[in-house]
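**Q** To start, I am sharing the structure in question, which I have written as structure tokens.
The values are calculated or read from the model by the stated rules, or taken from the named source; none is laboratory data. Every value quoted in this text rests on a predicted model; they were computed, and no experiment measured them. Cβ placement follows ideal geometry from the backbone for every residue including glycine, while neighbour counts extend to all protein chains displayed. The protein model used for the area step is the full one, side chains on, heavy atoms only, and it has no ligands, DNA or RNA in it. Shrake-Rupley method; radii C 1.70, N 1.55, O 1.52, S 1.80 Å.
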Amino acid sequence: MKAINPNEIKDNFIELIGKEWMLVSAGDKEKFNMMTASWGGVGVLWNRPVVFAFIRPERYTREFIDARNEFTITFLGPEHRKAHSICGSKSGREIDKVAATGLTPLFTEAGNPVFEEARLTLECKVVYKSEIEEAKFLDPTVFPRWYDEKNGNAHIVYIAEILNAWEK
């Protein structure tokens with residue numbers, strides 16, 4: 001993978017996140033986890049390139065993000081849909097996701113997990129986090145549609161600065 005400036009990324013993130021999906025990974029060489037996400041965004045905030053990641057509090061990956069306040073976003077490409085399905089439906093508390101997916105972990109200089117199979121990877125540092133609250137919705141139809149006993153707890157929103165980016 002070659003390092004690039006985040007400003008050089010030409011991909012359409014609406015397509016990438018919404019249709020291709022992404023892996024959110026956190027931890028270190030000793031222990032890490034990854035999860036599939038299809039909600040998020042990329043943009044500029046506080047004059048920094050940032051990602052917006054939405055993680056439910058019960059997700060195992062959240063524990064790793066909160067421990068280091070860092071994570072990576074990996075785009076694997078549509079040929080890795082099976083890996084995304086596993087990482088989106090199984091918990092790293094119960095299975096070895098690396099063995100189950102066949103992905104090859106590598107680690108950045110800062111020690112964050114990335115994957116050899118990635119076509120695009122973003123290394124991020126959390127600068128803000130907040131829980132989604134029902135009372136703050138201006139459209140009252142959204143919260144009950146996505147947050148209940150069946151769907152799970154309200155997401156935590158992480159806004160993280162993109163520190164590094166790599167592409168194949």
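**Q** Over 18 Å between C-alpha atoms is what I'm after, so list which of Lys97/Lys168; Lys29/Lys97; Lys90/Lys129; Lys10/Lys97; Lys2/Lys168 land there.
**A** Violating the 18 Å Cα-Cα cut-off are Lys97/Lys168; Lys90/Lys129; Lys10/Lys97.
**Q** How high is the relative contact order of segment 85-128? Use alpha-carbon pairs under 8 Å, at least six apart in sequence, and give a whole percent. Could the numbers behind the result be given before it?
**A** On the way: 27 pairs, mean separation 9.9, N = 44.
RCO, segment 85-128: 23 percent.
**Q** Something else: Using the Kirkwood radius built from alpha carbon pairs, what does the Stokes-Einstein equation give as D for segment 1-165 at 4 °C and 1.567 mPa s, in µm² per second? Show your work: numbers first, answer last.
**A** Values: Rh = 16.2 Å.
Value of D from the Cα-based Kirkwood radius: 80 µm²/s.
**Q** In the chain, carbon and sulfur make up what percent of the accessible area (probe 1.4 Å)?
**A** The computed percentage sits at 50.
**Q** What are the GluC sites (Glu not before Pro) within segment 63-168 that DSSP puts in a loop, where the Cβ has at most 15 other Cβ atoms within 10 Å?
**A** Glu94, Glu109, Glu116, Glu133, Glu149
**Q** Under a Cβ-only charge scheme (Lys and Arg +1, Asp and Glu -1), can you give me the dipole magnitude of the chain about the Cα centre, in debye to the nearest 20?
**A** Dipole of the chain, to the nearest 20 debye: 180 debye.
**Q** Okay, moving on. Can you list which of the trypsin sites (Lys or Arg not before Pro) found in segment 63-148 are DSSP loop residues with at most 14 other C-beta atoms within 10 Å?
**A** Arg93
**Q** Let me ask you something else. Could you give the length gained by full extension between Ala154 and Lys31, i.e. 0.36 nm per residue of separation minus their alpha carbon distance, to one decimal place? Kindly include the intermediate steps, with their values, before the conclusion.
**A** Values: separation 123, 0.36 × 123 = 44.28 nm, distance 2.59 nm.
41.7 nm is the gain from fully extending Ala154 to Lys31.
**Q** Accessible area per residue of segment 1-165 at 1.4 Å probe, in Å²?
**A** Heavy-atom accessible area per residue stands at 54 Å².
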